[in-house]
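Scroll down for the structure; my scribbles are underneath it.
The values are calculated or read from the model by the stated rules, or taken from the named source; none is laboratory data. All of these numbers come straight from a predicted model, not from anything done at the bench. Here the Cβ is made from the backbone with ideal geometry for all residues, glycine too, and neighbour counts use every protein chain on show.
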Amino acid sequence: MKLPSLKIGELTAKIPLIQGGMSVRVSTSKLAAPVARCGGIGVIGGSGIPEEELKDDIRAAKEETDGIVAVNIMYAMKNFYNLVMGSIEAGVDMIVTGAGFSRDIFKIGRKHNIPVAMIVSSPTLARLAEKLGAAAVIVEAKEAGGHLGTDKPLREIFPPIRDVVKNIPLIAAGGITNGYEMAEMMDEYGADGVQIASRFVLSEECDVDDTFKQAYLDAEKDDIVITSSPVGMPGRAIATPFVQALAKGIDLTTKKCKHFCLKKCDHHYCISDRLMASRDGNLAEGLFFSGENTYKMKDILPVAEIFRQFVSQAESVYREGNGFAPPA
């Protein structure tokens, strides 16, 4: 049995796989375009970068592919509205948003005929998103990398959200590392597709510094921890020296804010500086957001090979009835 396509609004992705939008400058057009060419939904991380840079990157991706290019913009960003409108101006196909809840984004989506996918972690917000006009809901659980809206696992929170979202696609996100797990979420739990982020950091096309990728490759299970964030939400990251210093209570307070990027920031460190440091490979000072199951991934592959593996593994579950665990 072939994997079904994923229809969100008027868009149809051949493969029901969304690449998570990772900021700052982790998922750029260089990653999103190959994902879109493979039949998935490529997502540019739109938070923490200037509006003009984001617009240029969206245009670059659209020039590289006829596939679906989306942008992920955190509602917590102070310039959220400008980033959304700039993305629409640049020709983005879809908007993904989370880290807070915007009601107005759905009005903008309707006005400009742009589907909006909302990231949630509860039935209440999922139901509200559908009521207000979301084209899709992404259920993100505690296994995800970056900012977390719950401390509960995906397989616990997904069923009650599936019960209340009836008329739009429901996407499973958090900790999915292979096609067997993709098939499990779709076949056993009723997901219409999956969102995957950390696996794509370990792609050849992701243009973060090699030290970033090596940190992923070197990470063991206990190296991936929950840490604090100035956004006001917990985050999942690799326990680098910076994260370890936070855990010890060392004062890393930002003395003078350079970016003014967040609507609300407690300034106990500058998240923009720390994410840019990780992107550039500064292992000592960077904040390396990472999914809970990153330790399971031990190779860097082309995007096309990642897709081939996910699709072949997922379809083998249906075709051969092998179950949802990788072969021994």
Query raised in the report: Which members of the stretch 232-256 meet the condition of being assigned to a helix (DSSP H, G or I) and surrounded by fewer than 16 Cβ atoms within 10 Å (Cβ to Cβ)?
Result: Pro241, Gln244, Ala245, Ala247
Requested in this report: Under 9 Å between Cβ atoms, at least 6 apart or on separate chains: pull out the pairs that start in the stretch 259-277 with a residue that is outside the structural domain of Gly98 (by TED's automatic domain parsing) and at pLDDT 90 or above and end on any residue that is surrounded by fewer than 19 Cβ atoms within 10 Å (Cβ to Cβ) and small (Gly, Ala, Ser).
Outcome: Ala277/Ala284
Query - Any hit, the stretch 48-61, residues being touching a residue at least 40 places away in the same chain (Cβ under 8 Å), surrounded by 18 or more Cβ atoms within 10 Å (Cβ to Cβ) and either over 18 Å from Arg110 (Cα atoms) or in the same structural domain as Pro230 (by TED's automatic domain parsing) (or both) - result: yes
Requested in this report: Go through the stretch 52-82 residue by residue and tally those that are over 23 Å from Ile196 (Cβ atoms) and modelled with pLDDT of 95 or more.
Outcome: 6
Requested in this report: Scan the helices (runs of 4 or more DSSP H) fully inside the stretch 80-193 and keep the ones with 1 or more residues being among the small types (Gly, Ala, Ser), more than 22 Å from Gly291 (Cβ to Cβ) and not assigned by TED's automatic domain parsing to the domain that holds Gly286.
Outcome: 80-90, 104-112, 123-132
Query raised in the report: What tally of residues in the stretch 92-105 results from selecting those that are surrounded by fewer than 19 Cβ atoms within 10 Å (Cβ to Cβ) and either in contact with a strand residue (DSSP E or B) (Cβ under 8 Å, 6 or more places away or on another chain) or among the aromatic types (Phe, Trp, Tyr) (or both)?
Result: 2
Query raised in the report: Out of curiosity, is Asp280 of a type in the set (Asp, Glu) and over 20 Å from Ser47 (Cβ atoms)?
Result: no
Query raised in the report: So which pairs qualify, if the first residue must be in the stretch 95-123 and at positive phi, the second must be part of a loop (DSSP other than H, G, I, E, B) and at pLDDT 95 or above, the Cβ gap must be under 8 Å, and the two must be at least 6 apart or on different chains?
Result: Asn113/Glu10
Query raised in the report: Among (1) surrounded by fewer than 19 Cβ atoms within 10 Å (Cβ to Cβ); (2) touching a His at 6+ places or on another chain (Cβ under 7 Å); (3) not aliphatic (A, V, I, L, M), which single condition is Ser272 missing?
Result: (1)
Query raised in the report: Say we look at the stretch 121-139 and pick out the residues that are over 14 Å from Gly9 (Cβ atoms) and of a type in the set (D, E, K, R); which of these is surrounded by the most Cβ atoms within 10 Å (Cβ to Cβ)?
Result: Arg127
Report task. For Glu220, state whether it is surrounded by fewer than 23 Cβ atoms within 10 Å (Cβ to Cβ), outside the structural domain of Ser272 (by TED's automatic domain parsing) and among the charged types (D, E, K, R). Result -> no
Query raised in the report: Can you tell me how many residues in the stretch 1-26 are part of a loop (DSSP other than H, G, I, E, B), at pLDDT 95 or above and among the polar types (S, T, N, Q)?
Result: 1
Query - Filter pass, Gln309 being touching a Phe, Trp or Tyr at 6+ places or on another chain (Cβ under 9 Å), at pLDDT 95 or above, assigned by TED's automatic domain parsing to the domain that holds Ala36 and polar (S, T, N, Q) - result: no
Report summary line: Per the filter on the stretch 27-37, residues among the aliphatic types (A, V, I, L, M) and within 16 Å of Lys55 (Cα to Cα) are Leu31, Ala32, Ala33
Requested in this report: Please go through the stretch 27-59 and pick out each residue that is more than 21 Å from Ile119 (Cβ to Cβ) and assigned to a loop (DSSP other than H, G, I, E, B).
Outcome: Cys38, Gly39, Pro50
Query raised in the report: Of the conditions (1) within 21 Å of Lys131 (Cα to Cα); (2) crowded, with 16+ Cβ neighbours inside 10 Å, Lys111 fails just one. Which one is it?
Result: (2)
